[in-house]
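The values are calculated or read from the model by the stated rules, or taken from the named source; none is laboratory data. Because the structure is predicted, anything quoted here is derived from the model rather than measured. For neighbour counting, all protein chains shown are included, and Cβ atoms are generated from backbone atoms with ideal geometry for every residue, glycine included.
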Amino acid sequence: MSPSKKLIRQKRLQSLIRKNPFLTDSQLAERLHVSVPTVRLDRVCLNIPELRVRTRLMADEAQTRLRAIDKKDIVGELVDLELNKVGISTLTITNDMVLEKTGVGRGYFMFAMADTLALALVDTDFALTAVSNVKYKIPVHPGDRLVAKAEVMNMKEDRYYIKVIIRSEEAEVFRAKFIIVAVGQEKESREA
């Protein structure tokens, strides 16, 4: 194989992981049209850790930034957080999270995942959900790995307008818009 093809593949690998750090080696291999061992060798050459290590490193870093909510209150695993901007969390649906009759994931797990991620985004000591508008798009099942991305769309005084989209693989399964209120923030700014 020519060195240029390898360099192009490795640049593409880096780009794919930058866009979606939760891709497995087999998913990367499929997208790059190479074998899983080739992906692993490229990752080693580029000093890119395996998925489990990438996720753990991101989670450890993100949890040190939390303010409005405690890390044990997050539903799922917080893996990235930039206060007042964007956050990412993951959750794998297990058998105890589904309705017994249908085997479909209970919606309140996705709502709680989105709500706690939205709260985590707010850079204040205490915040509450004032309004939520949710849409369940596709049912989820045991084994589905959900990735939630929350983004602050607007901030006005003590109100944060946050959009959260949850995906399983590439499919959007849930979306929500929240208004989160930073409690006490308005009072503090008036006193200053």
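Within segment 10-52, the set of residues being free of Cβ contacts under 8 Å to residues at least 24 places away in the same chain, in contact with an Asp or Glu (Cβ under 8 Å, 6 or more places away or on another chain) and of a type in the set (A, V, I, L, M, F, W, C) comprises just one member, 36. I'm trying to understand the selection: among the residues of segment 144-186, which are surrounded by 16 or more Cβ atoms within 10 Å (Cβ to Cβ) and out of contact with any strand residue (DSSP E or B) (no Cβ under 7 Å at 6 or more places or on another chain)? The one that is surrounded by 16 or more Cβ atoms within 10 Å (Cβ to Cβ) and out of contact with any strand residue (DSSP E or B) (no Cβ under 7 Å at 6 or more places or on another chain): 185.
Limited to segment 70-79, what total is found for residues that are touching a strand residue (DSSP E or B) at 6+ places or on another chain (Cβ under 6 Å) and touching a residue at least 24 places away in the same chain (Cβ under 8 Å)? Residues in segment 70-79 being touching a strand residue (DSSP E or B) at 6+ places or on another chain (Cβ under 6 Å) and touching a residue at least 24 places away in the same chain (Cβ under 8 Å): 3 in total.
Would you mind stating whether residue 140 is touching a residue at least 24 places away in the same chain (Cβ under 8 Å), aliphatic (A, V, I, L, M) and part of a strand (DSSP E or B)? Criteria not met by residue 140. Any residue that is at pLDDT below 90, assigned by TED's automatic domain parsing to the domain that holds residue 140 and either on the phi > 0 side of the Ramachandran plot or not in a helix (DSSP H, G or I) (or both) - is there at least one of those in segment 8-22? No, that holds for no residue.
Among the criteria (1) outside the structural domain of residue 152 (by TED's automatic domain parsing); (2) buried (at least 17 other Cβ atoms within 10 Å of the Cβ); (3) modelled with pLDDT under 90; (4) over 21 Å from residue 140 (Cα atoms), the one residue 29 does not fulfil is (3). Any residue at all in segment 55-67 that's at pLDDT below 85, hydroxyl-bearing (Ser, Thr, Tyr) and under 15 Å from the mean Cα position of the chain (by Cα)? Scanning segment 55-67, I find at least one residue that is at pLDDT below 85, hydroxyl-bearing (Ser, Thr, Tyr) and under 15 Å from the mean Cα position of the chain (by Cα), so the answer is yes.
Check whether at least one residue in segment 114-134 is in a helix (DSSP H, G or I), assigned by TED's automatic domain parsing to the domain that holds residue 161, in contact with a Leu (Cβ under 6 Å, 6 or more places away or on another chain) and within 14 Å of residue 147 (Cα to Cα), and report yes or no. No, segment 114-134 contains no residue that is in a helix (DSSP H, G or I), assigned by TED's automatic domain parsing to the domain that holds residue 161, in contact with a Leu (Cβ under 6 Å, 6 or more places away or on another chain) and within 14 Å of residue 147 (Cα to Cα).
Screening 90, 116, 94 for residues that are under 20 Å from residue 77 (Cβ atoms), within 14 Å of the chain's Cα centre (by Cα) and without any contact (Cβ under 8 Å) to a residue 60 or more places away in the chain leaves exactly one candidate, 116.
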